[in-house]
1. Please list, by residue number, everything in region 117-135 whose backbone N is under 11 Å from a paramagnetic label point 7 Å out along Cα→Cβ of N170.
2. State whether region 28-67 is rounded, prolate or oblate according to the following rule on the C-alpha gyration tensor (a ≥ b ≥ c being the square roots of its eigenvalues): a/c under 1.5 gives rounded; otherwise a/b larger than b/c gives prolate, and the remaining case gives oblate.
3. In a shell of Cβ-Cβ distance under 10 Å around Q144, excluding Q144 itself, what net charge do Lys and Arg (+1) and Asp and Glu (-1) give?
4. To the nearest 0.05, what FRET efficiency results for I159 and C16 with a Förster distance of 35 Å applied to their C-beta separation?
5. So how much slack lies between N138 and A85, counting 0.36 nm per residue of separation and subtracting their Cα-Cα distance, in nm?
6. Scan around T71 for amide H atoms under 5 Å from its own, H built in the peptide plane at 1.01 Å from N, and keep only partners 5 or more places away or cross-chain.
7. Roughly speaking, what is the stretch gain from K23 to E131, that is 0.36 nm per residue apart minus the C-alpha to C-alpha distance, in nm to one decimal?
8. Within 10 Å of each residue's Cβ, count the other Cβ atoms and sort D20, D97 from fewest upward.
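What follows is calculated from the coordinates using simple rules that are stated; it is not laboratory data. Only a predicted model underlies this, so the values are computations on that prediction, with no experimental measurement involved. All Cβ positions, glycine included, derive from the backbone under ideal geometry; neighbour counts span all protein chains shown.
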Amino acid sequence: MIQRLVILGFLKRNPCCGYDIRKFIERELSIFSQLNTTSIYYPLRKMEGEGLVRKKEIKENHLKKYIYEITPKGEREFLRLCKSALSSQRRPFMEIDIPLYFLSFLKKEEILPFLRLHLRFLNRAHKWLKERKKEFRNLPKSIQLIIEHHIKLVKAEKIFLKEMLELVRNKT
């Protein structure tokens with residue numbers, strides 16, 4: 001769903017090739033998303049079959065290139081996907097919760113270094129996000145809100161991880 005939303009949203013800006021979509025995801029959305037960019041052409045072909053996008057072939061220097069553009073049906077699907085994502089009732093999933101579920105099977109000496117490592121990562125991520133916030137202060141408010149959202153998520157995760165570290169340290 002999210003990959004389709006991103007592709008359709010990018011095509012709303014202007015028609016482009018799959019490579020441009022892939023680079024956009026890697027350059028701009030990788031800050032706050034883990035979208036898979038290895039298979040852009042498969043979803044494009046699928047959306048073309050559904051009538052959400054149309055493909056035009058152009059020739060540049062004896063090479064074929066395909067340019068995709070959003071259709072009116074794709075516009076409606078884009079709006080539907082936006083509404084669905086905005087009203088999502090899905091809880092966020094944190095990978096760390098799975099090993100925590102099995103905490104009773106883990107020795108504190110084995111997991112403390114990994115929890116500390118994760119906390120160092122969160123500290124670096126927090127610093128990096130704060131730097132991006134300064135950089136992005138002249139960008140659209142929507143991007144600033146995304147960065148602020150992630151700063152708050154990282155802060156909450158740091159607080160939780162510090163509590164978790166204390167709990168593990170005191171584990172008998």
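1. Under 11 Å, as judged by backbone N against the label point of N170, lies no residue of region 117-135.
2. Numbers: a/c = 2.88, a/b = 1.50, b/c = 1.92.
Here region 28-67 falls in the oblate category.
3. Working: positive: R132, K133, R137, K141; negative: E148.
Here the count lands on +3.
4. Values: r = 41 Å, r/R0 = 1.19.
My answer for the efficiency is 0.25.
5. Values: separation 53, 0.36 × 53 = 19.08 nm, distance 2.60 nm.
The span from N138 to A85 would gain 16.5 nm if fully extended.
6. V53, R54
7. Numbers: separation 108, 0.36 × 108 = 38.88 nm, distance 2.23 nm.
Answer, rounded to one decimal: 36.7 nm.
8. Values: D20 17, D97 9.
Least crowded to most crowded, the residues run D97, D20.
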